[in-house]
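Where a number appears in this text, it was derived from the coordinates with a stated rule and is not lab data. Computed from a prediction, not measured in an experiment: that's the story for all the values here. Every residue, glycine as well, gets a Cβ built from its backbone with ideal geometry; the counts of neighbours run over all protein chains shown.
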Amino acid sequence: MAEILQYIRIDGMFHRMNALTKICFLMVVIVLAILSTSPPVLAGMILLVFLCAVAGRFGRDLLAQVPMLIFLSAGLLLLTVLTMQSGEVLGYLIPTAIPVIGGHIAITSGALNFAAILSMRFFVMLFAFQLMIISTQPRDLVTALQRLRLPVDYSLMLLIAIRFIPSLQLEGKRIQEAQRARAFNPGTGLKGRVKELTPIIIPLVSNALGKANVLGLTIDLRGLRTMERTPGLDRPFGMPDYVLAVLTVVLLGAGVAMILG
C-alpha cells in the first residue's frame, strides 16, 4: 500500500503556494462534501480535486490510495446493506436459490445510494487532505495554523498525528519483511492473512508506545510547556494562490446556492 499523509519534495504548483490558501480550500471542500447528498456533485468534486493534484504533479500519488478507498467502500456497502432497508428491493444478499436461509437480507436502492454517497465523501475528503499534506512542509503547516490562532498544543497534536501515520506504516512494512526473512509462513487465504497480522501488530504497537514516550520527553526538553515559539517565515502569496483562492470562492458560492436552492 502506498504511504499516506507523507510530504513529497517536488517542484509543483501546490508546493509553491502558501499553506493558508490550501487550508481554506481544504475546509471548503470538506464542508461541501459533508453537506452534499448528490452523487453527481460529489463525483464532480472528486474530479476537481484530482485535476488539482494532476496540476500539482502528484496525481499518481492520489491514484495509489484508490485500492484502500475501494476496500473501505466495500465495507461501507456491506454495512449499509445490513442496516438499511429503505427503498426498492433490488435483490438479496443471500440468494433465494439457497434452501432454508435463502431470500434474507434484502439489498435496497436506499442502502446502495447511501453507501455510494458515503464512499464518495471519503474519496473527496481523503483526496483533498492528501492534496494539502503532500504539498505542504510540516513547518509551513504549523506556521499557517498559528496564523489562524490555533493553540500551540493543538497544532502540535495535529502535526504529530500526521507524521506518525507514515512512520507507523513504514515500520509495519519493515516488520513484515523481517518476518518473511525469518521464513515465517502463516499460510494462504483469509486464515493466513489473519495469522500474519499477529507478529506484525504486537511489535508495531510496542515500538509506537516507545516512540511516544521518547517524543514526550523530547517535547519537555524543548520547552513546549512555556507555549513560546519562534515565529516561522510565511511563504509569499503568488499567482497560484490567487487562482486557488478564486476557485475556493467559486466552490463556496456554489455550495451556498445549492443549500439555499
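Can you find, among PHE14, TYR92, GLY216, the residue sitting farthest towards the positive end of the charge dipole of the chain, where Lys and Arg contribute +1 and Asp and Glu -1 at Cβ?
Value: GLY216.
Could you count how many Lys pairs in the chain have their Cα atoms under 30 Å apart, skipping same-chain pairs fewer than 8 positions apart? Show your work: numbers first, answer last.
Values: LYS173/LYS191; LYS173/LYS195; LYS173/LYS211; LYS195/LYS211.
Lysine pair count for the chain: 4.
Taking only Cα atoms and a 10 Å spring cutoff, compute GNM fluctuations for the chain and point out the largest among PHE14, PHE237, PHE184.
PHE184
Hey, rough spin-label estimate for LEU170 and LEU82, points 7 angstrom out along Cα→Cβ, what's it come to in nanometres?
3.6 nm
If I model a spin label at LEU197 and ILE105 as a point 7 Å from the Cα along the Cα→Cβ vector, what separation in nanometres do I get?
Each label point lies 7 Å from its Cα, and together they span 1.8 nm.
Got a sec to turn the phi values of segment 43-53 into Karplus ³J(HN,Hα) couplings, 6.51 cos²θ - 1.76 cosθ + 1.60 with θ = phi - 60°, whole Hz, x for Gly and Pro?
5, x, 5, 4, 5, 4, 5, 5, 5, 5, 5
If the elastic network links every pair of Cα atoms under 10 Å, which of LEU156, LEU148, LEU72 fluctuates the most in the Gaussian network model of the chain?
Maximum among the listed residues: LEU148.
Which of TYR242, TYR7 comes first, and how do the rest follow, when ranked by fewest Cβ neighbours within 10 Å? Walk me through the numbers before you get to the answer.
Working: TYR242 12, TYR7 17.
The order, fewest Cβ neighbours first, is TYR242, TYR7.
Taking the Cα centre of the chain as the origin, how large is its charge dipole in debye, to the nearest 20, when only Lys and Arg (+1) and Asp and Glu (-1) carry charge on their Cβ atoms? Please list the in-between numbers first.
Numbers: 22 positive and 13 negative charges, 127 e Å.
Using Cβ point charges on Lys, Arg, Asp and Glu, the chain gives about 600 debye.
Looking at the chain, identify the longest residue range that excludes and avoids all trypsin sites (Lys or Arg not before Pro) in DSSP loops having at most 11 other Cβ atoms within 10 Å. Could the numbers behind the result be given before it?
Values: sites that count: ARG9, ARG149, ARG182, ARG222.
Answer - 10-148.
If amide hydrogens are placed 1.01 Å from N in the peptide plane, which non-local residues have theirs closer than 5 Å to the one on ILE94?
GLY103, HIS104
Hey, got the dipole for segment 151-229? About the Cα centre, +1 on K and R Cβ, -1 on D and E Cβ, debye to the nearest 20? Write down the numbers at each step before the final one.
Values: 12 positive and 6 negative charges, 69 e Å.
Charge dipole, segment 151-229, about its Cα centre: 340 debye, nearest 20.
(1) 1.09; (2) 1.04; (3) 1.17: which one is Rg/Rh (Cα atoms, Kirkwood Rh) as calculated from this entry?
(2)
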